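The values are calculated or read from the model by the stated rules, or taken from the named source; none is laboratory data. On a predicted model such as this, the values are computed, not experimentally measured, just so you know. Because the Cβ atoms are built from the backbone with ideal geometry, glycine has one as well, and the counts that use them run over all protein chains shown. In case anyone asks, the SASA skips ligands and DNA or RNA and just uses the protein heavy atoms, side chains included. Shrake-Rupley method; radii C 1.70, N 1.55, O 1.52, S 1.80 Å.
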Amino acid sequence: MDGFETLKGKYLGAVASAASESALEEVRLAALGKKGEISALMSTLGKMDPDQRKATGAALNILRDEIDAALRAKKSALGDAALDERLRSEWLDVTLPGRPRRMGTIHPVSQVMEELTAIFADMGFAVAEGPQVESDWYNFDALNIPPEHPARQEHDTFFMHRAPGDNRPPHVLRTHTSPVQIRAMTEQGAPIRVIAPGRVYRMDMDQTHTPMFHQVEGLAIDRNISMANLKWVLEEFCRAFFEVPSVELRFRASHFPFTEPSAEVDIRCSWTGGQLKIGEGDSWLEILGSGMVHPKVLTAAGVDPAQWQGFAFGMGIDRIAMLKYGIPDLRAFFESDLRWLRHYGFAALDMPDLAGGLSG
Ligand code: DAH
């Protein structure tokens with residue numbers, strides 16, 4: 001029996017000093033493994049006489065259980081220590097601010113298109129589209145601009161080529177988004193409420209003009225729509241778009257062939273220290289053209305002017321983008337300079353919506 005006390009001391013000591021799970025496993029194998037010391041002693045029991053076998057067997061069982069218990073306890077302690085060590089070394093401060101990862105940037109024109117689409121959608125306007133290569137009928141005639149009309153010259157139109165001998169009037173790159181009014185009314189009839197943002201083209205290039213730029217057309221036709229509705233919609237739009245509590249608009253009588261009466265609309269603003277502020281001040285800035293849709297335009301689109309009436313407007317998107325985001329030079333919009341985009345661009349996954357605050 002005394003031999004067992006020695007064995008017990010030996011293995012419990014080994015268990016206590018095992019510093020890792022693999023060292024502990026070696027102790028287990030040496031004692032309780034198939035070829036371990038305790039197992040070897042167990043296999044000698046068969047050769048003993050019954051009394052001796054009983055006493056030795058019981059003592060060996062106790063010894064095995066004690067070593068086994070010590071092994072388990074140590075194993076769990078080593079496991080806890082390993083976990084503590086991991087927790088310490090893999091510690092993470094979840095309160096640190098995130099590191100934003102750039103996934104490209106949204107161009108200010110795209111951002112503004114998303115913003116104005118969200119605002120007008122909220123007022124019940126759907127988005128309509130038309131081709132950029134347009135027939136001269138849609139771009140001019142249907143909008144009450146006949147061939148001899150001086151407005152045709154003012155539009156600095158790009159004409160497409162026709163095959164030699166083809167004497168039909170050439171298609172044009174649309175000079176405004178107004179032809180989408182005709183297409184939308186022809187397709188959907190009245191009542192109708194649409195906006196049409198998109199690219200337009202004019203042969204012009206200086207600090208405030210590029211041959212391609214962007215407009216958004218608005219059209220609302222119903223039985224009783226008036227200039228008052230136009231005024232409310234535009235004020236509501238400007239307030240939401242420029243993210244100011246109130247705006248003041250000024251309607252100046254003007255002339256467009258496709259509206260009667262027509263008005264150009266200015267917004268009240270101030271320039272202090274080169275900084276533009278919308279909604280206050282002594283200056284006015286023209287932002288769009290508008291009016292009541294001309295009966296001839298309704299007729300051209302198959303809508304009966306005796307039953308239906310409404311307003312239309314056309315606004316320069318690049319212009320209002322420059323105003324809202326303080327971008328000084330229009331030409332930079334189309335130079336694809338990545339440094340410019342990173343400065344003026346918007347995060348790719350940041351979709352504007354009215355509830356979340358338009359520009360984030
Ligand atoms: N199409 C005009 C332009 O490009 C803008 C415009 C003015 C559109 C008045 C309209 C409108 O719908 O009613 O200059």
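Highlighted here are the helices (runs of 4 or more DSSP H) found entirely within segment 1-61 that include at least 3 residues which are of a type in the set (S, T, Y) and within 21 Å of K74 (Cβ to Cβ): 2-17. Scanning segment 286-329 for residues that are open to solvent by 50 Å² or more (accessible area, probe 1.4 Å) and within 16 Å of the ligand (Cβ to nearest atom) returns E286, P295, K296, P305, Q309, R319. Within segment 92-111, is even one residue in a helix (DSSP H, G or I), within 30 Å of P170 (Cα to Cα) and within 18 Å of the chain's Cα centre (by Cα)? Checked segment 92-111: at least one residue is in a helix (DSSP H, G or I), within 30 Å of P170 (Cα to Cα) and within 18 Å of the chain's Cα centre (by Cα). Look through segment 191-206, keep the residues that are surrounded by fewer than 21 Cβ atoms within 10 Å (Cβ to Cβ) and of a type in the set (A, V, I, L, M), and return whichever of them is farthest from the ligand (Cβ to nearest atom). So the residue we want is M205. Considering every residue within segment 97-105, establish whether at least one is at pLDDT 90 or above and of a type in the set (A, V, I, L, M). No: segment 97-105 contains no residue that is at pLDDT 90 or above and of a type in the set (A, V, I, L, M). In this structure, R72 does not satisfy being open to solvent by 100 Å² or more (accessible area, probe 1.4 Å) and assigned to a loop (DSSP other than H, G, I, E, B).
Applying a threshold of 7 Å to beta carbon distances and a minimum spacing of six or more residues, or different chains, the list of pairs starting in segment 340-351 at a residue that is within 10 Å of Q111 (Cβ to Cβ) and ending at one that is open to solvent by less than 100 Å² (accessible area, probe 1.4 Å) and part of a strand (DSSP E or B) reads G345/T105; G345/I106; F346/T105; F346/I106. Residue pairs whose Cβ atoms lie under 6 Å apart, sitting 6 or more positions apart in sequence or on different chains, and linking a residue in segment 137-160 that is on the phi > 0 side of the Ramachandran plot to a partner that is surrounded by 19 or more Cβ atoms within 10 Å (Cβ to Cβ) and of a type in the set (A, V, I, L, M), are N144/V297. Scanning segment 115-126 for residues that are within 20 Å of A184 (Cβ to Cβ) and either part of a helix (DSSP H, G or I) or open to solvent by 80 Å² or more (accessible area, probe 1.4 Å) (or both) returns L116, T117, A118, I119, F120, A121, D122.
Quick one: in segment 151-175, which of the residues that are closer than 18 Å to V297 by Cβ and assigned to a loop (DSSP other than H, G, I, E, B) is farthest from the ligand (Cβ to nearest atom)? Filtering segment 151-175 for residues that are closer than 18 Å to V297 by Cβ and assigned to a loop (DSSP other than H, G, I, E, B), the one farthest from the ligand (Cβ to nearest atom) comes out as R174. Residues that are among the hydroxyl-bearing types (S, T, Y) and at pLDDT 95 or above within segment 244-268 comprise S254, T259, S262, listed in sequence order.
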